[in-house]
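In what follows, a structure is listed as structure tokens, so that the remarks can point back to it.
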Amino acid sequence: MGILTFLSGLFGCGKKIDIGERGEDGIGKKARDNESGVTDLYYSYDGTIGGNNYHFRVTKEKDGRVVFRCEYLEHRDYGEMEREVAPDILDRLTAIYKECRLAEWDGFRKYNEYVMDGDGFSLSISFADGQNMSAHGSNAYPERYREFSEKLHGLLDPIAAEVLEEYRQKKIAAGIQGELTSVFATFIQHGSSGSDEYHITIYGSREHRDENVSIRVKSVSGEFLPAGEYQLYTGADKEALKFDAIQAVIEKYEVIRWCDYDRTAEDYNNSEWFQLAFGFDGGTTIAACGTEPPENYAEFRQEFLSLISSLVQELEAQKNE
């Protein structure tokens with residue numbers, strides 16, 4: 001017995017089960033494919049709370065060029081990235097449009113009122129004859145949505161990865177712009193790597209948060225601080241925060257080259273996990289995470305955590321005066 005049959009019997013034979021979806025299903029089976037070919041396709045994905053949001057767009061411009069554009073919430077400092085691509089990508093998008101019978105989606109507008117989190121999508125397509133179609137869903141999806149998503153990503157993800165790397169290299173080449181304004185760093189050891197933990201959040205300005213220093217440390221090894229647990233939540237002016245020294249260490253070990261670094265070690269359970277985000281008033285942001293150490297990681301970690309440990313001791317001493 002299928003689950004829907006069981007539930008139907010449980011709640012009343014023949015009754016339609018309310019799964020929370022509301023809205024329009026689109027024009028459905030009566031739709032016919034537009035044979036003129038895709039000239040513009042826009043697809044956006046809205047992820048769960050804290051998840052990634054992004055959009056893809058492929059457009060035939062007035063001058064005949066075909067341009068791919070993409071933007072990611074987790075790489076917001078790049079803005080919308082673009083690259084000219086081979087025109088035959090429109091033929092491949094047209095093939096996906098037909099294979100997944102997207103014409104039947106036109107007018108799909110549904111949401112699920114029972115889901116507080118979740119994800120959603122938006123799709124719009126224009127054709128050579130001037131016609132267009134669109135579909136939107138929030139925790140509700142038309143038939144063959146998974147098939148469409150897999151095929152679209154299979155086609156566009158490799159291009160997006162190349163574009164992202166191109167923009168990343170441009171950012172690295174530009175170097176650090178401005179002075180350090182914020183520090184976020186986490187180091188958590190696992191298994192044979194140890195048991196130490198560092199959770200560090202420091203804002204250089206007290207304009208919006210008077211307690212601009214939040215540092216929690218569990219020192220088991222005693223490497224930087226005597227064994228024990230430390231929790232510091234206080235306010236301090238930028239002059240006392242060692243930002244100049246921290247920025248010097250960031251520049252010394254070319255941490256700018258770690259932009260958007262994210263790699264997992266093979267022996268994850270016995271590796272240290274790290275996450276870093278450094279903000280600068282000139283617009284540069286350096287973000288990196290993983291368990292596979294990038295180049296110069298050990299040297300940077302040593303000097304950076306030495307500065308943080310010194311900062312903890314100095315700020316604790318000031319609080320006790």
Inset, instruction - Could you point to the residue in Gly130, Gln318, Gln189 farthest towards the positive end of the chain's charge dipole, with +1 and -1 charges on the Cβ of Lys/Arg and Asp/Glu respectively? - result: Gly130
Inset, instruction - Mind putting a number on the dipole of the chain about its Cα centre? Charges go on the C-beta only, +1 for Lys and Arg and -1 for Asp and Glu, and I need it in Debye to the nearest 20. - result: 1180 debye
Inset, instruction - Write down the percent of antiparallel bridges among all DSSP beta bridges whose residues are both part of the chain, to the nearest 5. - result: 90 percent
Inset, instruction - Please name which of Val255, Gly178, Pro226 has its Cα lying farthest along the dipole of the stretch 169-321 towards the positive end, using unit charges on Cβ (Lys, Arg +1; Asp, Glu -1) and the Cα centre as origin. - result: Gly178
Legend entry - Under Karplus coefficients 6.51, -1.76 and 1.60, residue-wise ³J(HN,Hα) of the stretch 52-64 in Hz, glycine/proline x: 8, 10, 7, 9, 10, 8, 10, 9, 8, 6, 4, 7, x
Legend entry - Length gained when the stretch Ala265-Arg209 is fully extended (0.36 nm per residue, less Cα-Cα span): 16.5 nm
Legend entry - Table column - 3J(HN,Hα) (Hz), the stretch 133-147, Karplus curve with 6.51, -1.76, 1.60, x for Gly and Pro: 8, 7, 8, 9, x, 10, 6, 8, 9, x, 4, 6, 4, 4, 4
Legend entry - Kirkwood hydrodynamic radius of the stretch 36-124, from inverse mean 1/r over distinct Cα pairs, in Å: 14.8 Å
Inset, instruction - Quote the relative contact order of the chain in percent (integer), defining contacts as alpha-carbon pairs under 8 Å separated by 6+ residues. - result: 14 percent
Legend entry - Per DSSP, loop chymotrypsin sites (Phe, Trp or Tyr not before Pro) in the stretch 58-152 with at most 13 further Cβ within 10 Å: Tyr114
Inset, instruction - With everything on Cα atoms, drop me the angle between helix 297-320 and the longest principal axis of the chain, reported from 0 to 90° to the nearest 10. - result: 60 degrees
Legend entry - Sequence-distant residues sharing a close amide H with Asp106 (under 5 Å, placed H): Ile27, Gly28
Legend entry - the stretch 188-272, dipole about Cα centre (Lys/Arg Cβ +1, Asp/Glu Cβ -1), debye to the nearest 20: 140 debye
Legend entry - GluC sites (Glu not before Pro) within the stretch 164-251, DSSP loop, no more than 10 other Cβ atoms inside 10 Å: Glu207
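Test of the criteria: in the stretch 74-105, which GluC sites (Glu not before Pro) are in a DSSP loop and have at most 14 other Cβ atoms within 10 angstrom of their Cβ?
Those that pass, being in a loop and sparsely packed, are Glu80.
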Inset, instruction - Evaluate the charge dipole of the stretch 232-317 about its Cα centre and quote only its size in Debye, nearest 20, assuming +1 on the Cβ of each Lys and Arg and -1 on the Cβ of each Asp and Glu. - result: 100 debye
Legend entry - Count of lysine pairs in the stretch 55-198 with Cα separation under 25 Å (8 or more residues apart, or interchain): 6
Inset, instruction - Please turn the phi angles of the stretch 226-236 into ³J(HN,Hα) values with the Karplus equation 6.51 cos²θ - 1.76 cosθ + 1.60 (θ = phi - 60°), one per residue in order, whole Hz, x for glycine and proline. - result: x, 3, x, 10, 10, 9, 10, 9, 8, x, 7
Inset, instruction - Multiply the residue gap between Asp18 and Glu147 by 0.36 nm, knock off their C-alpha separation, and tell me the result in nm, one decimal place. - result: 43.9 nm
Legend entry - At R0 = 25 Å, FRET efficiency that the Cβ-Cβ distance of Gln177 and Asp63 yields, to 0.05: 0.15
Inset, instruction - Work out how far the C-alpha atoms of the stretch 85-149 reach from end to end along every principal axis, then list the three figures in whole Å, largest first. - result: 42, 21, 20
Inset, instruction - Could you give me the radius of gyration and the Dmax of the chain, taking only the C-alpha atoms into account and expressing both in angstrom? - result: 25.9, 79
Inset, instruction - Pull up all non-local amide H partners of Glu254: gap of 5 or more, or a different chain, and H-to-H distance under 5 Å with H placed in the peptide plane. - result: none
Inset, instruction - Summarise the long-distance tail of P(r) for the stretch 203-321 by giving the % of C-alpha pairs beyond 21 Å. - result: 46 percent
Legend entry - Residues with amide H under 5 Å from that of His190, placed H, sequence gap 5 or more: Ser271, Glu272, Trp273
Inset, instruction - Would you mind telling me which residue in Thr186, Thr94, Thr234 has the biggest mean-square fluctuation in a Gaussian network model of the chain, where springs connect alpha carbons within a distance under 10 angstrom? - result: Thr234
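Readers should treat all values here as calculations from the given coordinates under stated rules, not as data from a laboratory. Since the model is a prediction, treat every value here as computed from it, not as a measurement. Virtual Cβ from ideal backbone geometry, glycine too; neighbours counted across all protein chains shown.
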